[in-house]
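The values are calculated or read from the model by the stated rules, or taken from the named source; none is laboratory data. Since the model is a prediction, treat every value here as computed from it, not as a measurement. Neighbour counts are summed over all protein chains in view; Cβ atoms, including those assigned to glycine, are modelled from backbone coordinates with ideal geometry.
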Amino acid sequence: MALTLRTLRSDELRSFQRMVDQSFLDDVKEDELERWRGMFEPERHHAVFDGDEMVGGGGIQTRHMTVPGNGPQPVAAVTSVGVKPGHRRRGVLTRLMTAQLHGLHEERREAFAALWASEAGIYPRYGYGLGSEFARLDVPRGAAFRAGVEVDGERVREVSAAEAMPWLKEVYERLRPTRVGWLSRTDAHWDHHLADQEDDRDGLSSYHYVLHPRGFAVYRVKSNWVERGPRSELHVRTLVAETDEAYAALYRYLLDLDHIGELKSFTDPDDPVVHLLADARLALRSRTDALWVRLVDVERALSLRRYQSDVDVVLEVRDAFCPWNGGRWRFTASGGEASVRRVDDDPDVALDVEALGAAFLGGTRLTTLARGQRVRELTPGALNGLSHAFLGDREPHCPEVF
């Protein structure tokens with residue numbers, strides 16, 4: 001039977017969520033359905049059917065993401081993409097990606113999309129580039145700060161979730177316009193981000209909420225008692241601070257908690273705690289992919305953000321999946337603002353759309369992508385200036401999986 005594709009109805013959330021659970025080989029969790037309802041936009045979800053059976057699907061959350069120098073901008077936050085076992089390698093995902101990306105272009109919706117990938121080899125086929133990473137950081141309890149580190153002397157205290165949430169939301173909203181990669185959040189997004197049912201804990205404790213007058217932290221504990229005493233793990237879910245001194249105070253509080261053997265965190269790639277420590281080697285670090293970014297419309301997307309330096313180059317863009325992006329574009333950045341227009345001039349730099357997506361949030365150097373053979377300099381000297389213009393003040397970081 002031929003496969004068909006359509007958008008969903010509001011009464012199809014249960015069927016859609018079952019399909020997603022099955023796609024990821026998870027048990028179907030009927031009791032978690034309501035968690036998704038507040039984030040479910042049926043008109044922005046597509047599903048593929050084999051007869052009456054929903055065999056694949058994916059959705060978009062309507063959100064804003066902070067981009068370099070220009071605050072929050074509309075982003076198509078792609079979510080819950082899955083294909084059921086037994087229906088893979090039949091073009092289901094390609095149909096979904098075509099519906100999403102071509103629909104965004106035809107309706108002139110968001111100029112760029114972003115997602116977290118279950119497997120890193122999937123989405124480059126559809127023009128997504130590796131736009132940000134996150135770091136795993138392991139630090140032993142009690143690790144000392146170097147001399148001269150200023151720690152905010154304000155009181156740090158632990159409170160209930162009900163008391164903490166208004167403060168978490170207030171601080172997050174104050175900082176969000178300047179933190180590249182951060183997303184807008186409704187109450188439903190907050191509830192999902194800090195879901196705390198037994199199935200969410202993976203053997204860890206419930207969340208602990210730590211407040212500071214200029215920040216907050218949320219963590220769980222994995223209990224571990226050995227013959228020489230407790231060596232539990234403290235897993236940081238999030239740590240946010242408005243000042244460097246508050247940041248140091250929150251880290252100091254967590255590092256000094258009793259019964260802990262090690263602090264573990266998934267954090268910004270450029271988390272400064274490494275430079276606070278007297279012995280930087282105590283912080284074990286590894287990095288992996290986080291956000292994958294896709295420019296839906298090159299002309300509109302590149303104009304959304306600001307740039308570090310002036311540059312005037314002609315780009316030759318390859319984009320087989322969204323052919324309207326292909327061709328030559330004059331990219332001019334002046335005073336931080338960019339203009340992009342189609343031209344017939346000789347190109348200075350040739351690159352694929354994945355490279356533009358990877359560089360868009362300012363964390364991936366185009367010169368690095370050139371070494372990875374995604375970018376080719378055609379006019380000597382053009383690439384260095386272009387690469388510098390795209391850099392951000394700090395590495396992008398998205399503190400939530402959506």
Scanning the stretch 231-244 residue by residue, those assigned to a loop (DSSP other than H, G, I, E, B) and either closer than 16 Å to Ala161 by Cα or in contact with a Leu (Cβ under 7 Å, 6 or more places away or on another chain) (or both) turn out to be Glu242
Counting only residues that are hydrophobic (A, V, I, L, M, F, W, C) and free of Cβ contacts under 8 Å to residues at least 40 places away in the same chain, the stretch 141-164 contains a total of 1
Residue count, the stretch 102-131, condition touching a strand residue (DSSP E or B) at 6+ places or on another chain (Cβ under 6 Å) and among the acidic types (Asp, Glu), comes to 1
When restricted to Val28, Val55, Val67, the only residue farther than 24 Å from Gly86 by Cβ, of a type outside the set (Asp, Glu) and out of contact with any Gly (no Cβ under 7 Å at 6 or more places or on another chain) is Val67
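Test Gly38 against the criterion of being in contact (Cβ under 8 Å) with a residue 24 or more places away in the chain and buried (at least 17 other Cβ atoms within 10 Å of the Cβ), and give yes or no.
So Gly38 does not fit the description; no.
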Over the stretch 265-303, the set of residues over 24 Å from Glu150 (Cα atoms) and hydroxyl-bearing (Ser, Thr, Tyr) is Ser286, Thr288, Ser303
* To do: Test Arg252 against the criterion of being at pLDDT 95 or above and in a strand (DSSP E or B), and give yes or no.
  => no
Looking across the stretch 287-305 at residues that are surrounded by fewer than 23 Cβ atoms within 10 Å (Cβ to Cβ) and within 17 Å of the chain's Cα centre (by Cα), the single one that is farthest from His64 (Cα to Cα) is Arg287
Checked the stretch 343-402 for anything of a type in the set (S, T, N, Q), part of a loop (DSSP other than H, G, I, E, B) and surrounded by 15 or more Cβ atoms within 10 Å (Cβ to Cβ); matches are Thr364
Per the list (1) crowded, with 17+ Cβ neighbours inside 10 Å; (2) in a strand (DSSP E or B), residue check on Leu257 breaks on (2)
Of (1) surrounded by fewer than 20 Cβ atoms within 10 Å (Cβ to Cβ); (2) at pLDDT below 95; (3) under 17 Å from Met97 (Cα atoms), Thr7 satisfies every one except (2)
Checked against (1) part of a helix (DSSP H, G or I); (2) of a type in the set (Asp, Glu); (3) loosely packed, with under 15 Cβ neighbours inside 10 Å, Asp270 satisfies every condition except (1)
Checking Ala370, Ala358, Ala350, Ala382 in turn, the sole residue that is small (Gly, Ala, Ser), under 24 Å from Thr267 (Cα atoms) and touching a strand residue (DSSP E or B) at 6+ places or on another chain (Cβ under 9 Å) turns out to be Ala358
If we ask which residues in the stretch 284-310 are small (Gly, Ala, Ser) and touching a Phe, Trp or Tyr at 6+ places or on another chain (Cβ under 9 Å), their number turns out to be 2
Q. Is it true that Asp202 is under 29 Å from Glu30 (Cα atoms), free of Cβ contacts under 8 Å to residues at least 12 places away in the same chain and not polar (S, T, N, Q)?
A. yes
Taking the stretch 33-42 and keeping only residues that are under 23 Å from the mean Cα position of the chain (by Cα) and in a helix (DSSP H, G or I), one is left with Arg35, Trp36, Arg37, Pro42
Out of (1) in contact with a helix residue (DSSP H, G or I) (Cβ under 9 Å, 6 or more places away or on another chain); (2) crowded, with 20+ Cβ neighbours inside 10 Å, the one Val151 does not meet is (2)
Query raised in the report: Can we say Leu194 is touching a residue at least 60 places away in the same chain (Cβ under 8 Å) and of a type outside the set (S, T, N, Q)?
Result: no
